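S.K.: Here it is, the structure in full.
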Amino acid sequence: MADDPGRRAITLVLACLATSAWAQQPSTGPGAPPPAPLVRENATVKLTDHVWAIPDFNVGLVPNVGIIVGSKATLVVDTGLGPRNGDTIVREMKKVSTNTEVYVVTTHYHPEHSLGAAAFKGAKLLMTRLQQQDMTELGKQIQDAFAGRSGR
């Protein structure tokens, strides 16, 4: 089981998503407003034969996004903050995968990792029980606090 290629691919993408040092955005300078928290279109990078990432470019409230394409289904890791980011990720996913079966997983329940999920029509959302509990108990409060920060 430890030599399973699928497990290795998921481990690789999660390791890449854990750091964004390889995709730094230049500093905007002192006093400049922070960049909008938008997942960048046309920025998807191929990491291996079946794994792609959309880097966060060191922009606050933007996650690194993973896309793992299997022979039967595609797994998307993190959905961005709100529908606009989710739509961007769906478009990027469709550039690298023709699979109709899609799974979405969030690394943790923070709005910038989970509030774009509605863009994935028909996808199966995977989450831990703890994430589901956080969503149930804190969801509305967190969504209200972050509403409008993604420009939609």
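The values are calculated or read from the model by the stated rules, or taken from the named source; none is laboratory data. Keep in mind it's a predicted model, so treat the numbers as computed, not measured. We place every Cβ from the backbone using ideal geometry, glycine too, and count neighbours over all the protein chains shown. All accessible areas refer to the heavy atoms of the entire protein, side chains included, with ligands and DNA or RNA removed. Shrake-Rupley method; radii C 1.70, N 1.55, O 1.52, S 1.80 Å.
S.K.: Taking a 1.4 Å probe, which of Asp49, Asp78, Asp144, Asp87 shows the most accessible area, and what order do the others take after it?
M.R.: Asp49, Asp144, Asp87, Asp78
S.K.: Over the stretch 44-97, with every protein chain in place, what whole percent of the accessible area is carbon and sulfur at 1.4 Å, could you tell me?
M.R.: Numbers: 1050 of 1990 Å².
Of all accessible area on the stretch 44-97, carbon and sulfur atoms account for 53 percent.
S.K.: Might you work out the accessible area of Met127 for me, using a 1.4 Å probe with all protein chains in place, and round it to the nearest 10 Å²?
M.R.: Roll a 1.4 Å probe over it and Met127 shows about 60 Å².
S.K.: Could you compute how much accessible surface Arg91 exposes when probed at 1.4 Å, giving the result in Å² to the nearest 10?
M.R.: Rounded to the nearest 10, that gives 110 Å².
S.K.: In nm, what is the difference between 0.36 nm times the number of residues separating Lys124 and Ala43 and their Cα-Cα distance?
M.R.: Working: separation 81, 0.36 × 81 = 29.16 nm, distance 2.47 nm.
The span from Lys124 to Ala43 would gain 26.7 nm if fully extended.
S.K.: Please list His50, His108, His113 from largest to smallest accessible area, probe radius 1.4 Å, with all protein chains kept in place.
M.R.: Values: His50 105, His108 65, His113 25 Å².
Largest to smallest exposure gives the sequence His50, His108, His113.
S.K.: Now, a different point. Given R₀ = 25 Å, FRET efficiency for Gln133-Asn99 by Cβ-Cβ distance, to 0.05? Walk me through the numbers before you get to the answer.
M.R.: Details: r = 30 Å, r/R0 = 1.21.
That pair, Gln133 with Asn99, gives E of 0.25.
S.K.: Still on this structure, please answer the following. Under a 1.4 angstrom probe, counting protein chains only, how are Glu137, Glu112 ranked by accessible area, largest first? List each step's numbers first, then the result.
M.R.: Details: Glu137 120, Glu112 30 Å².
These residues rank, largest area first, as Glu137, Glu112.
S.K.: Distance check, please: which entries in Lys72/Lys140; Lys46/Lys140; Lys95/Lys124 exceed 31 angstrom between their Cα atoms? The partial results should precede the final answer.
M.R.: Numbers: Lys72/Lys140 34 Å; Lys46/Lys140 35 Å; Lys95/Lys124 20 Å.
Lys72/Lys140; Lys46/Lys140, as the Cα separations exceed 31 Å there.
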